[in-house]
Amino acid sequence: MGALGVEIAATVRGAAKEPSLAAYAEALEAAWRRTAALTDLLVAARGSAPARALANATIYLDMFGHVVIAWIWLQQAQVATAKLKAGAGDEPFYEGKLAACRFFFRYELPKTETQARLLGSVDDTALIVSEAAF
C-alpha cells in the first residue's frame, strides 16, 4: 500500500501541473485517500470481527481496482497530453487516450464513493442470511 501510494502521489503531483488534467488528479487523490483510510479500517476490523471485515471483499477488490485503473489512465493522459503539445503526430490516438481517461473518471471512478460508504459500514448483510433462505 505504501509503495503504491507513493507512485499514485507522484502521478497526482505531475498531473496537477497540467490544467487539463488537474481535476482528474484531484479526483484520484481523493479516491486514493478514501481507499487507504478504508483499508486501515477494514484491517482494524479484521482483528475483532474477521468474517464481517471480509464479508464484502469482492466489493473492496472492485473499488481498489477502479482506483488503480484510474491511476493508470491518468498516467496515459499525461503522456498523451505531452505528445499532443509536442506535435508528435498520431493525434487521433492520443485524443482517444484522453477521451478514455475522461470517460473513466466521469463514469467509473465515482462508483468507488458508493462502494467505500458500504464498505466503511462493515456491513454484515451477506453474513446474516441463513443457508436455508437460499
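Just so it is clear, none of the values below were taken in a lab; they were calculated from the coordinates. Here the structure is a predicted model, which is why all the values come from computation and not from measurement. No Cβ is skipped: glycine too gets one built from the backbone with ideal geometry, and neighbour counts run over all protein chains shown.
Going through region 1-28 one residue at a time, which ones are crowded, with 18+ Cβ neighbours inside 10 Å and part of a helix (DSSP H, G or I)? Selection gives I8, T11, V12, A15, Y24, A25, A27, L28. Within region 38-47, the only residue that satisfies the criterion of being surrounded by fewer than 17 Cβ atoms within 10 Å (Cβ to Cβ) and within 13 Å of the chain's Cα centre (by Cα) is T39. Among the residues making up region 77-134, those that are charged (D, E, K, R) and over 26 Å from A37 (Cα atoms) are K83, K85, D90, E91, E95, K97, E131. Quick one: would you say R34 is farther than 30 Å from K85 by Cα and among the basic types (K, R)? Here the answer is yes, as R34 does meet what is asked.
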